[in-house]
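The values are calculated or read from the model by the stated rules, or taken from the named source; none is laboratory data. Everything numeric in this text was worked out from a predicted model, so none of it was measured. Note that we place each Cβ from the backbone using ideal geometry, even for glycine, and neighbour counts take in every protein chain shown. Remember, those area values only see protein heavy atoms, side chains included, never the ligands or the DNA or RNA. Shrake-Rupley method; radii C 1.70, N 1.55, O 1.52, S 1.80 Å.
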Amino acid sequence: MTFVLSKKTLLVWQLRIAVAFVLVCLFLLLAFSFNVESFIVVLAVLCLGLGFALGYVPIYIKNYKIVAEKNCLYISKGVIFNSLIVLPKLRMVIVKEIATPLMRWLNVKIIMLKVAKGWIVIPDLENQVAKQLLDLISGDKNAKKHI
Amino acid sequence: MQKSTFKAHPLTVFILMRSYWFIFASPILRIIVEYIAWGDTKIISTTEALAVSTVIFFAICGWASIRIDIVDDLVIIKRGGFIKSCSKIAVSKASVIYLKRNFIDILFKSVGCFVGLQAYNSDKSNFKIKLKHKDVNKMFPQNTNGDIYPVKSNRNRNRFFLAPMLIALILVSLKTAFLGVGEIWVTAIFLLIDAYYAVVCYYNYKKGQLHIQNNIYAVGVKGFSRCQFFCHKNKVGVIKIFQTPADRRLKTCKIKITAYSEDAKSIKIKNTNLKNAIDVINEKLNLKIRV
């Protein structure tokens, strides 16, 4: 079964990037006391933010795929540097769900899979899709669910 | 009942001293700070000398007390100069055996050995030790039953020269743009770094191997250290396949195999032929990786 990230995920990420870059621009404007150089720097930062939010992030979301097989989970992601993570279900120790207020408003959540050392993070899946994925994962007796 | 006994290599003393690095670092830092502040410094005080000699003494005692007995399927590790401990590990419970050899190890004929146990446990019951090279060959025979799978890519030979040449070109251009044509020593440093990168790439290409039968045996390179990785195929944790834009062009990849153990020891095999590597992993580990 294949899972992909939806347009809601893209919206959440773009909102986060917008807020982060606005805060950075405000800080720069205050730091440089609203002179000409500060506006040039802010403009450059805004262009960078726009490029990231409208260029890189949509491609990343489109390339992110999760394939859940009977015994294994395959996660492929990346834009410039591609990676494929192969995760046997027996190796998952804990499965964790996280939702901030913004994510709860948009009905998405983050899923974190604990492996031997470290976590594998699946970003901003829709609640329904997350539930399907977790049902597939927790069908194995060695996987534990923690909310 | 077959029994073999092994002793640790003297370089283990440095591994045992590693936890107390601050005792060696603090006199050096003090000397630097005093010299900068007052222009004059005392080389070493009595307290510092006492602390350093105590650590060295206990490390030597610890090294001398290490004894590894292998009895049939059981590994018994005894250690501790004053507070003695004895660990018994069933070979079947070991998730991963990781061997590392760098220049110093080659010079002193030792091998850095790490044995990881399965399951996640904060007690850190695995062990890290330096063994003699001849003992390692007896303890861990290389698992090369069957064929060597052709995961290396011949097309990647050119990367040893193309990538470093490209990097050299970029660095020298940047340096010329900012510092001018002079400052020849900066160019020399860049070229040295570049030569190092080319040699490491070539060494990686030559040494990288992957064998999968009942166990996984992989050889990777970290800098100039040769690393060997033994893991039962049922104790594989996570497999990552990583591609840069150059890898996508050359249809190669980097594989990282992590064992299911406390320290999650992993091995990276670079410049592998993507299709061959995936076919081997799918067939031997019963997976369905599709790229």
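Table for the structure above
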item	result
Filter pass, residue B:256 being surrounded by fewer than 22 Cβ atoms within 10 Å (Cβ to Cβ) and within 14 Å of chain A (Cβ to nearest Cβ)	yes
Single unsatisfied condition, residue A:95 versus (1) in a helix (DSSP H, G or I); (2) at pLDDT below 85; (3) among the hydrophobic types (A, V, I, L, M, F, W, C)	(1)
Qualifying residue in region B:195-215 (condition: within 14 Å of chain A (Cβ to nearest Cβ) and in a helix (DSSP H, G or I))	no
Selected residue (criterion: farthest from the other protein chains (Cβ to nearest Cβ)) from residues of region A:77-98 that are of a type outside the set (A, V, I, L, M, F, W, C) and under 17 Å from residue A:129 (Cα atoms)	A:97
Failed criterion for residue B:21 (all others in (1) more than 24 Å from residue B:129 (Cβ to Cβ); (2) at pLDDT 85 or above hold)	(1)
Pair list, Cβ < 8 Å and 6+ apart or interchain, from region B:32-55 residues that are surrounded by fewer than 10 Cβ atoms within 10 Å (Cβ to Cβ) to residues that are assigned to a helix (DSSP H, G or I)	B:40/B:34; B:43/B:31
Cross-chain or 6+ apart pairs with Cβ under 9 Å, region B:273-291 first and more than 13 Å from residue A:74 (Cβ to Cβ), then surrounded by fewer than 18 Cβ atoms within 10 Å (Cβ to Cβ) and β-branched (Val, Ile, Thr)	B:274/B:291; B:275/B:291
Conditions (1) of a type in the set (S, T, N, Q); (2) outside any helix (DSSP H, G or I); (3) in contact (Cβ under 8 Å) with a residue 40 or more places away in the chain; number of the one not met by residue B:258	(3)
Residue in region A:40-59 that is out of contact with any Gly (no Cβ under 8 Å at 6 or more places or on another chain), open to solvent by 60 Å² or more (accessible area, probe 1.4 Å) and not in a helix (DSSP H, G or I) present	no
Residue count for region B:70-104, restricted to those that are among the polar types (S, T, N, Q) and either over 26 Å from residue B:220 (Cβ atoms) or without any contact (Cβ under 8 Å) to a residue 12 or more places away in the chain (or both)	2
Matching residues in region B:263-288 - criterion: being open to solvent by less than 10 Å² (accessible area, probe 1.4 Å) and facing chain A (nearest Cβ under 9 Å)	B:281
Candidate set from region A:62-76 (those that are open to solvent by less than 10 Å² (accessible area, probe 1.4 Å) and either in contact with a Cys (Cβ under 7 Å, 6 or more places away or on another chain) or at pLDDT 90 or above (or both)); member that is farthest from the other protein chains (Cβ to nearest Cβ)	A:64
Residues satisfying the stated conditions in region B:64-73, i.e. modelled with pLDDT of 80 or more and either in contact with a Pro (Cβ under 6 Å, 6 or more places away or on another chain) or open to solvent by 60 Å² or more (accessible area, probe 1.4 Å) (or both)	B:67
For residue B:225: the one exception among (1) away from chain A (no Cβ under 14 Å); (2) in contact with a Lys or Arg (Cβ under 6 Å, 6 or more places away or on another chain); (3) modelled with pLDDT under 80	(3)
Scan of region B:218-253 for residues that are open to solvent by 40 Å² or more (accessible area, probe 1.4 Å) and in a strand (DSSP E or B), ordered by number	B:222, B:226, B:232, B:240, B:242
